[in-house]
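So the structure is just underneath, and the comments pick up after that.
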Amino acid sequence: MLLHELLKYNDITIQCHDNPDADALASGFALYTYLKDNGKEPVFIYRGVHPITKSNLLIMVEELNIPVQYVPEYDHVPDVLLVCDCQYGQRNVTTTKARYIAIIDHHQVTVELPRFAEIRSSVGSCATVVWDMLRAENYDVNENKDLATALYYGLYTDTNKFSEISHPLDRDMIDSLVINKSLITKMSNSNISLEELKITGKAILDYTYIEDIRCLVIKTEPCDPNILGVISDFSMETAEADVAIAYYISPDEIKFSVRSCVKEVHANELAEFIARGIGGGGGHLLKAGGTIRPEKVPEDVPDIIEDRLREYYSLYEVLYAKTATVDTSNMGMFTKKEQKLGVVKLSDVFEVGTPVEIRTLEGDINITIADDTYLMIGLEGEIYPIAEEKLQNSYNATGFSFVKQFEYDPTIRNLSNGDIRPVMPYAKTVISPPGSARIYAQPLDHYIKLFTAWDDEKYYSGVPGDYIAVREDDPHDIYVISGRLFDQLYKPVARGLFF
């Protein structure tokens, strides 16, 4: 869906979900402003039983001049009803009739979508989706500081002060917005009411401690999602806890916050596992969170959080490659296929000595550019630095440009001045010669967490269908290869008993 497609309609109503949060208000405000600036006269509403009462949201609406209207009854039938931060037909948005329905959201799809729909479940906020759609229209949100501040605050609140961000588009938006910082501070310090303070204290006193996995689980009454972050952060101060989860169940959503202080549990992975197939989750290694759609959970499973938590711990085997050995006697032997990959000489992008941040789907990489520093681009856009000597020993240059489309094209930001440049225009094609290295490999039949020999602080996850691999010449060079990519990367050279 492209926003300019809406401009052929004149009668447009924008509706966010009932009892709107900051993200819903920011998204609707951005859509309203875009349409208004393009000569339309949209109406921005929310419905439901209760008007906004939270202090931070009242401040947001008033000081950012958000023209949202609370209309419990709405009899007008517009040409287009543009629903944001929710999906038409869900329980958290009162049904409004219209000739055409359009949806912009960042939650997991739970309804049949109309033709006009833009759903991006991997990003942290609907504000991010709208910001990126505005960017595609060459619409500069920074010309309106109120709007930029609203979008920033929408992401800020929906990701628990950015602790649950996992997608690079969210980070791109943060970096690009010019905001009213003092107002963000004011709204951030008006989040918790006295009643919610009582909810916090009561929840912490009524914790559940799972001793065998050293995990605190805290169920609260429905509250502002940011309170879950406050509770889980505070709970992680407990000496006996390695992991803390705070959550609530409401008719509209099941919201949870995850914290971890041990390297064997990545908070973002645990959050994704809890929400898999029934919602969405993500964040950082130590802080993460997510949302579960009640429509996806049977009514007789009220404690889905605790059930999935126990399932997660029961599934994984932890391997430390520095000390572990894998029995390769029944594994097949493989060698690399010829592959066309991308490479970028970083000194072509910025001068030698420039500190840069390389942004990818896997996270940000901070390095200082040297004359012999290159960047490899893999089959799915994954990137990693490589020294010139290793590059020349492992790949053959072609001199041709590397042209390929990915879900997110990597970018490089100059940390000295903030200048951001795309990677792909500088990429050249290299070919990995076949037969350069031989490995033993076989499909996994269970979940593993592998700490490699070169990084014993961060594990790589393997799931059934992925491959565990061991270099023929180094029994401790153990790694995981995606099952989706294995046949593209390797071909058999010998067959063990496993095959």
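The values are calculated or read from the model by the stated rules, or taken from the named source; none is laboratory data. None of the values given here were measured: they were computed from a predicted structure. Quick reminder, even Gly has a Cβ in these numbers, built from the backbone with ideal geometry, and neighbours come from all protein chains shown. The protein model used for the area step is the full one, side chains on, heavy atoms only, and it has no ligands, DNA or RNA in it. Shrake-Rupley method; radii C 1.70, N 1.55, O 1.52, S 1.80 Å.
Collect the residues in the range 215-229 that are open to solvent by 50 Å² or more (accessible area, probe 1.4 Å) and over 18 Å from LEU309 (Cβ atoms), keeping them in residue-number order.
Taking the range 215-229 and keeping what is open to solvent by 50 Å² or more (accessible area, probe 1.4 Å), we get 219, 221-222.
GLU221, PRO222 - these are the residues of the range 215-229 that are open to solvent by 50 Å² or more (accessible area, probe 1.4 Å) and over 18 Å from LEU309 (Cβ atoms).
What number of residues within the range 48-82 are aliphatic (A, V, I, L, M), in a loop (DSSP other than H, G, I, E, B) and closer than 17 Å to VAL93 by Cβ?
Step one: filter the range 48-82 for residues aliphatic (A, V, I, L, M), giving 49, 52, 57-61, 64, 66, 68, 71, 77, 80-82.
The next check asks that each one be in a loop (DSSP other than H, G, I, E, B); those that pass are 49, 52, 64, 66, 71, 77.
In the following step, the residues that additionally are closer than 17 Å to VAL93 by Cβ were identified as 49, 52, 71, 77.
Count: 4.
Residues checked against (1) surrounded by fewer than 21 Cβ atoms within 10 Å (Cβ to Cβ); (2) not aliphatic (A, V, I, L, M):
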residue	(1), (2)
ILE199	yes, no
ILE231	no, no
ALA244	no, no
TYR247	no, yes
remark   = Within the range 415-448, residues being open to solvent by less than 20 Å² (accessible area, probe 1.4 Å), closer than 24 Å to ASP487 by Cα and under 31 Å from the mean Cα position of the chain (by Cα) number 5
message = When you check GLU112 against the structure, is it open to solvent by 50 Å² or more (accessible area, probe 1.4 Å) and assigned to a loop (DSSP other than H, G, I, E, B), yes or no?
response = yes
query = Counting only residues that are more than 20 Å from the chain's Cα centre (by Cα) and β-branched (Val, Ile, Thr), which one in the range 126-172 is farthest from HIS17 (Cα to Cα)?
reply = VAL141
inquiry  = Against the definition (open to solvent by 60 Å² or more (accessible area, probe 1.4 Å), of a type in the set (A, V, I, L, M) and in contact (Cβ under 8 Å) with a residue 24 or more places away in the chain), how does LEU81 come out, yes or no?
reply    = no
inquiry  = ASN191 - would you say it is touching a helix residue (DSSP H, G or I) at 6+ places or on another chain (Cβ under 6 Å) and either within 18 Å of THR291 (Cβ to Cβ) or modelled with pLDDT under 90 (or both)?
reply    = yes
query = Conditions: (1) over 25 Å from ASN189 (Cα atoms); (2) assigned to a helix (DSSP H, G or I). VAL262 meets all but one. Number of the miss?
reply = (2)
inquiry  = Looking for something aromatic (Phe, Trp, Tyr) and more than 28 Å from ASP140 (Cβ to Cβ) - is there at least one such residue anywhere in the range 34-46?
reply    = no
task = Could you check VAL258 against (1) open to solvent by 10 Å² or more (accessible area, probe 1.4 Å); (2) within 18 Å of VAL217 (Cβ to Cβ); (3) not polar (S, T, N, Q) and say which number it fails?
result = (1)
remark   = Only unsatisfied item for GLY281, checking (1) within 15 Å of ALA246 (Cα to Cα); (2) assigned to a helix (DSSP H, G or I); (3) among the small types (Gly, Ala, Ser), is (2)
key: Hey, VAL61 in contact with a strand residue (DSSP E or B) (Cβ under 7 Å, 6 or more places away or on another chain) and open to solvent by less than 30 Å² (accessible area, probe 1.4 Å) or not   = no
task = Mind counting the residues in the range 443-461 that are within 27 Å of LYS340 (Cβ to Cβ) and either part of a loop (DSSP other than H, G, I, E, B) or touching a Ser or Thr at 6+ places or on another chain (Cβ under 9 Å) (or both)?
result = 2
request  = Hey, can you tell me all the residues within the range 162-186 that are open to solvent by less than 30 Å² (accessible area, probe 1.4 Å), touching a Leu at 6+ places or on another chain (Cβ under 8 Å) and assigned to a helix (DSSP H, G or I)?
outcome  = PRO168, ASP170, MET173, LEU183
ask   = Taking the stated definitions as given, is THR291 among the polar types (S, T, N, Q), in contact (Cβ under 8 Å) with a residue 12 or more places away in the chain and open to solvent by 20 Å² or more (accessible area, probe 1.4 Å)?
value = no
message = Anything in the range 462-477 that is modelled with pLDDT of 90 or more, assigned to a strand (DSSP E or B) and not hydroxyl-bearing (Ser, Thr, Tyr)? List them, or say none.
response = GLY462, PRO464, ASP466, ILE468, ALA469, VAL470
request  = Would you list the strands (runs of 3 or more DSSP E) that sit entirely within the range 327-382 and hold 3 or more residues that are open to solvent by 10 Å² or more (accessible area, probe 1.4 Å), touching a Leu at 6+ places or on another chain (Cβ under 9 Å) and touching a residue at least 24 places away in the same chain (Cβ under 8 Å)?
outcome  = 339-345
ask   = When residues of the range 392-414 are filtered for being more than 23 Å from the chain's Cα centre (by Cα) and surrounded by fewer than 18 Cβ atoms within 10 Å (Cβ to Cβ), how many remain?
value = 11
message = Based on this model, can you work out whether ILE231 counts as assigned to a helix (DSSP H, G or I), under 24 Å from GLY154 (Cβ atoms) and in contact with a strand residue (DSSP E or B) (Cβ under 9 Å, 6 or more places away or on another chain)?
response = yes
message = Please verify whether ILE292 is in contact with a Gly (Cβ under 8 Å, 6 or more places away or on another chain) and farther than 27 Å from TYR459 by Cβ, treating the condition exactly as stated.
response = no
query = For ASN92, which of the numbered conditions (1) crowded, with 18+ Cβ neighbours inside 10 Å; (2) at negative phi; (3) at pLDDT 90 or above fails to hold?
reply = (3)
